[in-house]
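*Asks:* If you scroll down you'll find the structure; I have some questions about it.
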Amino acid sequence: MGLGDEVMLNTGEPEEEEEEEEDLVDPLTTIREECAQNGKCVELRSRLDTCTERVNSRSQTQETCTEELFDFLLARDHCVAEHIFSKLK
């Protein structure tokens, strides 16, 4: 059998090897979700949500929720930093 014979034998269906691979999950995403559920992050997320609702309820306001957003992200990322290096290879 030559190369031409192999092409003729192929039915055009894709091979099923791709299904055998496991779906890879980014550990950073998983750890971020877990850290967002800890006590301090839940409190800061609540403050952020309250601020966002307040700002969205007003038609004209100069208020932004930048401080609340940064407080939440800082707390979450601090938690992530404590856990992420154990997951790296």
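The values are calculated or read from the model by the stated rules, or taken from the named source; none is laboratory data. Fair warning: this is a prediction, and the values are worked out from it, not measured in the lab. Positions of Cβ are generated from backbone atoms using ideal geometry, with glycine treated the same way; all protein chains shown enter the neighbour counts. Just so you know, the surface numbers come from the protein's heavy atoms only, side chains and all, with ligands and any DNA or RNA stripped out. Shrake-Rupley method; radii C 1.70, N 1.55, O 1.52, S 1.80 Å.
*Asks:* Would you please classify the overall shape of the stretch 20-89 from the alpha carbon gyration tensor, given that a ≥ b ≥ c denote the square roots of the eigenvalues, rounded means a/c under 1.5, and beyond that prolate means a/b larger than b/c while oblate covers the rest?
*Replies:* Working: a/c = 3.31, a/b = 2.20, b/c = 1.51.
In terms of gyration-tensor shape, prolate.
*Asks:* Same structure, new question: Can you work out the Karplus-derived ³J(HN,Hα) for every residue in the stretch 58-71? Use 6.51 cos²θ - 1.76 cosθ + 1.60 with θ = phi - 60°, whole Hz, and x for glycine or proline.
*Replies:* Running phi through 6.51 cos²θ - 1.76 cosθ + 1.60 with θ = phi - 60° gives 9, 7, 10, 8, 9, 5, 10, 9, 4, 4, 5, 4, 5, 4 Hz.
*Asks:* When the label point is put 7 Å from the Cα of SER57 along its Cα-to-beta-carbon vector, which residues of the stretch 19-49 have a backbone N closer than 17 Å?
*Replies:* What the label zone holds, given the 17 Å backbone N cut-off, is 46-49.
*Asks:* Output wanted: per-residue J couplings in Hz (rounded whole) for the stretch 46-57, from phi through Karplus 6.51 cos²θ - 1.76 cosθ + 1.60, θ = phi - 60°, x for Gly and Pro.
*Replies:* 5, 4, 5, 5, 4, 4, 4, 5, 5, 5, 5, 7
*Asks:* Could you give the size of the charge dipole of the stretch 29-89 about its Cα centre, using +1 on the Cβ of each K and R and -1 on the Cβ of each D and E, expressed in debye and rounded to the nearest 20? All intermediate terms of the calculation are to be shown ahead of the outcome.
*Replies:* On the way: 9 positive and 11 negative charges, 39 e Å.
Once rounded to the nearest 20, the dipole reads 180 debye.
*Asks:* Accessible area, 1.4 Å probe, largest first: how do LEU88, LEU44, LEU74 sort? Mind showing how you got there, number by number?
*Replies:* Values: LEU88 100, LEU44 20, LEU74 125 Å².
Ranking LEU88, LEU44, LEU74 by accessible area, largest first, yields LEU74, LEU88, LEU44.
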